[in-house]
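The values are calculated or read from the model by the stated rules, or taken from the named source; none is laboratory data. Predicted model only: the values in this text are computed from it and were never measured. Ideal geometry is used to build each Cβ from the backbone, glycine not excepted, and the neighbour counts take in all protein chains shown.
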Amino acid sequence: MTEHNITYGQEGGPDRGRMIATVDGFDGEGEVRWSMADPATIIAEFAGVPKTWEGTGVAARMVVHFFEQAKSKGYKVIPRCGYVAAMFRRYPEWSDLRA
(Lines give C-alpha, C1' and ligand atoms only; values in the text may rest on other atoms or scores of the structure.)
Protein backbone atom coordinates (compact mmCIF):
# COMPACT_ATOMS: atom_id res chain seq x y z
CA MET A 1 0.00 0.00 0.00
CA THR A 2 1.29 3.43 -0.93
CA GLU A 3 2.13 5.79 1.92
CA HIS A 4 0.23 9.07 1.47
CA ASN A 5 1.17 12.43 2.96
CA ILE A 6 -1.85 13.47 5.05
CA THR A 7 -2.32 16.94 6.53
CA TYR A 8 -4.84 17.37 9.36
CA GLY A 9 -6.77 20.43 10.42
CA GLN A 10 -9.68 21.37 12.69
CA GLU A 11 -12.84 23.42 12.22
CA GLY A 12 -15.46 24.31 14.79
CA GLY A 13 -15.63 25.31 18.39
CA PRO A 14 -15.19 23.71 21.80
CA ASP A 15 -18.46 21.73 21.69
CA ARG A 16 -18.54 20.44 18.12
CA GLY A 17 -16.50 20.49 14.97
CA ARG A 18 -14.67 18.39 12.49
CA MET A 19 -11.20 17.09 11.95
CA ILE A 20 -10.24 17.50 8.30
CA ALA A 21 -7.73 15.44 6.35
CA THR A 22 -6.24 16.43 3.01
CA VAL A 23 -3.89 14.25 0.98
CA ASP A 24 -1.16 15.43 -1.37
CA GLY A 25 -2.15 14.59 -4.94
CA PHE A 26 -5.83 13.94 -4.14
CA ASP A 27 -8.83 16.23 -4.57
CA GLY A 28 -11.30 16.75 -1.74
CA GLU A 29 -11.02 16.18 1.96
CA GLY A 30 -11.86 13.52 4.51
CA GLU A 31 -13.47 14.35 7.80
CA VAL A 32 -14.43 13.13 11.23
CA ARG A 33 -17.35 15.16 12.59
CA TRP A 34 -17.53 15.21 16.38
CA SER A 35 -19.41 16.71 19.31
CA MET A 36 -18.79 16.71 23.05
CA ALA A 37 -21.12 14.52 25.14
CA ASP A 38 -19.60 15.87 28.36
CA PRO A 39 -16.21 17.34 29.36
CA ALA A 40 -14.52 13.91 29.19
CA THR A 41 -16.37 12.24 26.29
CA ILE A 42 -16.33 13.00 22.58
CA ILE A 43 -18.87 11.58 20.12
CA ALA A 44 -17.60 10.53 16.68
CA GLU A 45 -20.70 11.46 14.64
CA PHE A 46 -19.39 10.68 11.15
CA ALA A 47 -16.18 9.71 9.38
CA GLY A 48 -15.80 9.69 5.63
CA VAL A 49 -13.56 10.27 2.66
CA PRO A 50 -14.24 10.96 -1.03
CA LYS A 51 -14.98 7.89 -3.17
CA THR A 52 -11.70 8.39 -5.03
CA TRP A 53 -9.82 7.77 -1.76
CA GLU A 54 -11.50 4.43 -1.03
CA GLY A 55 -9.05 1.55 -0.75
CA THR A 56 -6.06 3.82 -0.05
CA GLY A 57 -5.99 3.31 3.74
CA VAL A 58 -6.38 7.04 4.31
CA ALA A 59 -9.73 6.71 6.12
CA ALA A 60 -8.22 4.28 8.64
CA ARG A 61 -5.21 6.53 9.23
CA MET A 62 -7.54 9.50 9.67
CA VAL A 63 -9.60 7.72 12.34
CA VAL A 64 -6.47 6.52 14.14
CA HIS A 65 -5.28 10.15 14.16
CA PHE A 66 -8.66 11.12 15.66
CA PHE A 67 -8.17 8.43 18.34
CA GLU A 68 -4.66 9.72 19.08
CA GLN A 69 -5.94 13.28 19.48
CA ALA A 70 -8.80 12.16 21.75
CA LYS A 71 -6.43 10.12 23.90
CA SER A 72 -3.94 12.99 24.21
CA LYS A 73 -6.77 15.17 25.59
CA GLY A 74 -7.98 12.50 28.00
CA TYR A 75 -11.28 11.90 26.18
CA LYS A 76 -13.27 8.71 25.82
CA VAL A 77 -14.96 8.19 22.43
CA ILE A 78 -18.57 7.25 21.70
CA PRO A 79 -18.66 5.84 18.14
CA ARG A 80 -21.99 6.85 16.56
CA CYS A 81 -20.43 6.33 13.15
CA GLY A 82 -20.33 2.74 11.90
CA TYR A 83 -16.84 3.16 10.46
CA VAL A 84 -15.43 4.43 13.76
CA ALA A 85 -17.12 1.53 15.60
CA ALA A 86 -15.54 -0.86 13.07
CA MET A 87 -12.13 0.71 13.72
CA PHE A 88 -12.50 -0.06 17.43
CA ARG A 89 -13.14 -3.70 16.50
CA ARG A 90 -10.28 -3.75 13.99
CA TYR A 91 -7.75 -2.21 16.39
CA PRO A 92 -8.37 -3.64 19.88
CA GLU A 93 -5.41 -1.64 21.21
CA TRP A 94 -7.77 1.38 21.18
CA SER A 95 -10.53 -0.37 23.20
CA ASP A 96 -9.61 1.52 26.39
CA LEU A 97 -10.61 4.73 24.59
CA ARG A 98 -14.15 3.56 23.85
CA ALA A 99 -16.85 5.03 26.12
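In the condition set (1) within 19 Å of residue 99 (Cα to Cα); (2) surrounded by 15 or more Cβ atoms within 10 Å (Cβ to Cβ), residue 68 is compliant with all but (2).
Being among the β-branched types (Val, Ile, Thr), at pLDDT below 95 and out of contact with any Asp or Glu (no Cβ under 8 Å at 6 or more places or on another chain) narrows it down to one of 84, 58, so name that one. Of 84, 58, the one residue that is among the β-branched types (Val, Ile, Thr), at pLDDT below 95 and out of contact with any Asp or Glu (no Cβ under 8 Å at 6 or more places or on another chain) is 58. Where strands (runs of 3 or more DSSP E) fall entirely within segment 3-59, those with at least 3 residues that are buried (at least 18 other Cβ atoms within 10 Å of the Cβ) are at 16-23, 30-38, 41-48.
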